[in-house]
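Step one of this worksheet: look at the structure below.
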Amino acid sequence: MPYPSRQKKISSAAFQTSSSVAHVLEHLLSPPSTLQSSASLEDLTNVRIPSLKESGVEILAHVATPSNWDDEQKSNGDLKVVIMIHEFFGLTDSIVDKANGLAEELDCMVIAPDTFRGTTTTFIPKAIWLALSTPQDRVNDDLDAICSYVESGNLADSRTASKGGGSDAAAEAKESSPSGSKTTCKFAILGFCYGGGKAIRYTTQRRRDAATVVFYGMPVTDTQELQNLEAPVCGIYGRNDVQFPIPLLEEFQSALTKAQVEKNVKIYDGVGHAFWKNMEEVRRGDQPQQQAFQQCTNFLRDFFEADS
């Protein structure tokens, strides 16, 4: 009789291989705007966040806040924070643009970290390799470090950081703030593609009180894992996505229902994988990109405004 654990590993590997092939085809047929990105990580990021577990390691991130951000606003109740995880190309200018747009729309802080630790690419096979070789535990550790950094008040003057002040500005803000001050935060974890799968695994494994937004990412279908969640889940997918077929998405929704997790999952007709490429599509009113953006922002607004 075959060993169940071995069967599970073989099945998982086979799914990853077929999923990777589907991913290549999706992006070759509809290349995202990130392929035109030419900005370096140094240009795109404005903060360096120290790792909690690895001495000397810093996590590069872009911190976005709305243009009307001020101290009174930050101290008015919980600090609303969205951590946005990039696609398998890495942190790009389109992700930064989405972070800026979401911060303005929701009047909140959005942090977009570089979970590949210094690497971006436009070469799809390398992007797939980066996605498959980046361990969930390391991403979880990096996201824990980001949450801790925000809660400790180190990003108190993120308005300055988001305008180019960088880690020096954040350090100056920390020195000028009351010693030992803590910031009460309400977190949501959002991710695209690779980042969507990482997002929901982080919230099921580490940050159970954070809301989750998955843009066409690998869903979790294990009811027991989903029962760990203490906050709602938003899922956004395309009906023509060959990487995540409808039966898998139906299984995802069924598992969320069985786990009694509040959910808002929608499958958009006429589009496939990675159908929302940039904020310009939203500004123009392109559909279903604008609808997906509204689904996401309405979900997050409801979460942030709800009583804890």
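The values are calculated or read from the model by the stated rules, or taken from the named source; none is laboratory data. Just so it is clear, the model here is predicted, and its values are computed rather than measured. Here Cβ is always computed from backbone atoms with ideal geometry, including for glycine, and neighbour counts include all displayed protein chains. Surface accessibility is based on the protein's heavy atoms, side chains included, excluding ligands, DNA and RNA. Shrake-Rupley method; radii C 1.70, N 1.55, O 1.52, S 1.80 Å.
In what sequence, highest mean first, do 123-135, 286-298 appear when ranked by Cβ atoms within 10 angstrom? Don't jump to the answer; show the numbers that get you there.
On the way: 123-135: 15.7, 286-298: 17.4.
Ranking the peptides 123-135, 286-298 by packing returns 286-298, 123-135.
Express the Stokes-Einstein translational diffusion coefficient of region 254-308 in µm² s⁻¹, to the nearest whole number, given a Kirkwood radius over alpha-carbon pairs, 25 °C and a viscosity of 0.890 mPa s. Spell out each step's value before the answer.
Numbers: Rh = 13.0 Å.
Here the translational diffusion coefficient equals 189 µm²/s.
Find how much the distance from E225 to E262 grows on full extension, using 0.36 nm per residue of separation minus their present alpha carbon separation; answer in nm with one decimal. Don't skip to the end; give the middle numbers.
Working: separation 37, 0.36 × 37 = 13.32 nm, distance 1.45 nm.
Computed gain between E225 and E262 is 11.9 nm.
Under a 1.4 Å probe, what is the accessible area of region 239-308 per residue, stated in Å²?
Values: 3650 Å² over 70 residues.
That works out to 52 Å² per residue.
Quick one: with all protein chains in place, what share of the accessible area of region 196-308 is carbon or sulfur, to the nearest percent (1.4 Å probe)?
On the way: 1910 of 4910 Å².
Exposed carbon and sulfur together represent 39 percent of the surface.
Please give, to one decimal in nm, the separation of the simple spin-label points placed at S152 and K53, each 7 Å out from Cα toward the Cβ.
1.7
Quick one: how many lysine pairs does region 172-308 have with C-alpha atoms less than 25 Å apart and a gap of 8 or more or different chains? Give me the count, please.
Lysine pairs, 8 or more places apart or on different chains, close enough: 12.
So what is the accessible area of region 178-220 per residue, in Å², with the probe set to 1.4 Å? Display every interim value, and only then the final one.
Details: 1260 Å² over 43 residues.
Solvent-accessible surface per residue comes out at 29 Å².
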